[in-house]
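J.: Would you mind keeping the following structure in view while I ask a few things?
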């Protein structure tokens with residue numbers, strides 16, 4: 001697995017307020033999805049997970065806020081941002 005995907009932090013941006021059908025208002029994940037992400041160890045699985053989150057956030061018009069916060073999270077941790085591999089604008 002490439003370093004970008006291996007070291008990819010969780011899409012969670014530490015807002016953690018569950019309202020929209022049990023989805024966090026910050027990252028749009030459910031508690032179950034947050035738990036699932038920790039168990040993903042294949043590049044294709046992580047990539048698909050991020051694509052789903054990005055699509056969901058685009059639909060909810062929350063992608064811009066989340067992408068900026070997630071890029072800052074990656075920068076703070078000193079890891080490559082997987083959004084660069086998905087060509088997500090922020």
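Values in this text are rule-based calculations from the coordinates and carry no lab data. Just so it is clear, the structure is predicted and the values come from calculations on it, not from any experiment.
J.: Counting only helical runs of four or more DSSP H residues, what would the 222 nm mean residue ellipticity of the chain come to if each run contributes -39,500 (n - 2.57) and the total is spread over all its residues? Please report the intermediate quantities before stating the final value.
T.: Working: 5 runs with 49 residues, N = 90.
Roughly -16000 deg cm²/dmol at 222 nm, from the helical runs in the chain.
J.: Bin width 10 Å, origin at 0, all Cα-Cα pairs of the chain: what percent of pairs per bin?
T.: 17, 55, 26, 1
J.: Regarding segment 1-54, what is the average projected area of its C-alpha convex hull, in nm²? Let's see the in-between values first.
T.: Details: hull surface 14.0 nm².
Hull-based average projected area comes out at 3.5 nm².
J.: Expressed as an acute angle from 0 to 90° and rounded to the nearest 10, what is the orientation of the C-alpha long axis of helix 43-59 relative to the principal long axis of the chain?
T.: On a 0 to 90 degree scale, this one is about 30.
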